[in-house]
Amino acid sequence: MDTRSWIDQVIKQDQIDKYLINGKDFINENEIHNKLNMNKDCSKEKVRAILDKSLAVERLSFDETATLLNVTDEDMWEEMYEVAAEVKRRVYDNRIVFFAPLYCGNLCVNSCRYCGFRKENAGEERKVLTAEEIRRETDYILSQGHKRVIVVYGEHPKTDAKYIAESMKTVYDVKKKSRSGKNSYIRRINVNAAPMSIEDLKMLKEVGIGTYQVFQETYHKDTYKSAHPKGLKANYRWRLYSLHRAMDAGIDDVAIGALFGLYDWRFEVMGLLYHADDLEKQFGIGPHTISFPRLTPASGSELSIASKYLVNNKDFKKLVTVLRLAVPYTGLIITARENPEVRDEVVKVGCTQLDASTKIGIGAYDKAAHNEKEDKQQFTIGDNRTLDQVVNKLAEMGKITSFCTAGYRCGRTGDKIMNLLETGTEGKFCKLNAVLTFREYLDDYATEETKKIGEELIKKEFEEINNMEFYKNNKLLSVINDYYKRISE
Ligand code: SAM
Ligand code: SF4
């Protein structure tokens, strides 16, 4: 099929209309602006009462979130940072999860004004990876110790749902021996790709998609229109309901995000919460994660970095803090677009997932494996540290890296996580998985220096586990202790 005919059949109007409520979107701009304008009473008493609700791991209302977004007193923000860190500890303990992005193709029919892959960018060298090239990329990612990837694609008939499904199968098939001779493989593939039809999404479900991630970029319609002047992506609603369609396709693990810097950051935070809320209302399950990439310079990008809505580091920390407080049981992802200092700072207030050893050029991991120079990338990477370097830094901060990929099976969503939290069960099982998978990482991939810091941390974690009331007289603990001894011999 030629590109024009392909484009003509992508958008299915009935797969938009079915999610509208009384013909309307769940994003009502006037309502969001009103919430932000009406909730300007940020007295200490009021803010502290809201923080107590977050500490009880309850989701905040739109009004409460708007109040937090309006806080101007810097001392109050310091309190909010502390509470956000505590909320994170209560829900996720001190665990962090890692992944690596794998860019499979940069052909694109769209004209997003901020992106180097936009079709008008003649300076971009276009490429779609073959199965053999995907195998080589995966091989390198495995050699770093990763167990999760997120595969990323432009929107194009050459990288349609069929190609995406095939490329996922290829990634899952790659096996690589670790240092200790174990067979390692990618256990979870998340997908960041354009909005698709329910039929196409079912194809991805069949090959074992982990999380399906689509960023709305901006919830503000006029801004959306000017940032996406042409192409399939110009359709705001096709994108807005992409994750609703995923739910209908049986993919109940979805991820939302906004590209910060296109419009007012407080409005976008509210937009993300309305999005999470509508998914929960219509399907009973909120998003697994929220992402908040900041606009970074991209080769051939038309949108200048002088946009008046660019978010500075201080406000960036604030927006992550409010998200952590507003949706305590939703994962928060901070990518390597940010520099190490910003990432280390923002992890403290509530992020749960990071990428590392990141390369976003097409075929860039294999180039790195052969010490070749990289091509131009989609945008600029701020954190070029290897997985080992980031794991090391986080271990110094007392954070344990979990390579457990069972999160989605643990039912880390809505009611289920609330039940696990209320019974106090969630943290315990996840802690065990984190310790065991971290131990394996230290043996199989870590440098001597990281191993040393990591082992100290594991010792502390094990003491905690052994002292937990939950495990007293629990047979599971002796099984785990035996297993731990075996893998550390
Ligand atoms: N083509 C698909 C899409 O647009 O949804 C997925 C791939 S696209 C490369 C993934 C994300 O990269 C976009 O959703 C956008 O938020 C982000 N992105 C694009 N250009 C960027 C830039 N200059 N700075 C930061 N993030 C950018
Ligand atoms: Fe294409 Fe996605 Fe880049 Fe837009 S953001 S130009 S759709 S790759």
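The values are calculated or read from the model by the stated rules, or taken from the named source; none is laboratory data. The shown structure was predicted, so the numbers you read here are calculated from the model rather than taken from an experiment. Because the Cβ atoms are built from the backbone with ideal geometry, glycine has one as well, and the counts that use them run over all protein chains shown. The accessibility values were calculated without ligands, DNA or RNA, using every heavy atom of the protein model including side chains. Shrake-Rupley method; radii C 1.70, N 1.55, O 1.52, S 1.80 Å.
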>> Could you check region 94-119 and list, in sequence order, the residues that are aromatic (Phe, Trp, Tyr), within 10 Å of ligand 2 (Cβ to nearest atom) and assigned to a strand (DSSP E or B)?
In response: 103
>> Out of 163, 185, I need the residue that is of a type in the set (Ser, Thr, Tyr), open to solvent by 20 Å² or more (accessible area, probe 1.4 Å), without any contact (Cβ under 8 Å) to a residue 60 or more places away in the chain and away from ligand 2 (no atom under 16 Å from the Cβ). Which one?
In response: 185
> If you scan region 157-181, which residues turn out to be assigned to a loop (DSSP other than H, G, I, E, B) and either within 18 Å of residue 199 (Cβ to Cβ) or touching a Ser or Thr at 6+ places or on another chain (Cβ under 8 Å) (or both)?
Replying inline: 160, 174, 175, 178
>> Restricting to region 445-454, name every residue that is part of a helix (DSSP H, G or I), surrounded by fewer than 20 Cβ atoms within 10 Å (Cβ to Cβ) and not charged (D, E, K, R).
In response: 453
> From 442, 457, which residue is among the hydrophobic types (A, V, I, L, M, F, W, C), surrounded by 13 or more Cβ atoms within 10 Å (Cβ to Cβ) and free of Cβ contacts under 8 Å to residues at least 24 places away in the same chain?
Replying inline: 442
> If you go through region 137-160 one residue at a time, how many are closer than 30 Å to residue 5 by Cβ, over 21 Å from the mean Cα position of the chain (by Cα) and surrounded by 17 or more Cβ atoms within 10 Å (Cβ to Cβ)?
Replying inline: 4
>> Based on this model, can you work out whether residue 133 counts as more than 27 Å from residue 5 (Cβ to Cβ), in contact (Cβ under 8 Å) with a residue 24 or more places away in the chain and not in a loop (DSSP other than H, G, I, E, B)?
In response: yes
> Within region 321-345, which residues are within 14 Å of the chain's Cα centre (by Cα) and outside any strand (DSSP E or B)?
Replying inline: 323, 324, 329, 330, 335, 336, 337, 338, 343
> For region 205-247, which residues satisfy the criterion of being more than 12 Å from ligand 1 (Cβ to nearest atom) and not in a helix (DSSP H, G or I)?
Replying inline: 207, 208, 209, 210, 211, 219, 220, 229, 230, 235, 241
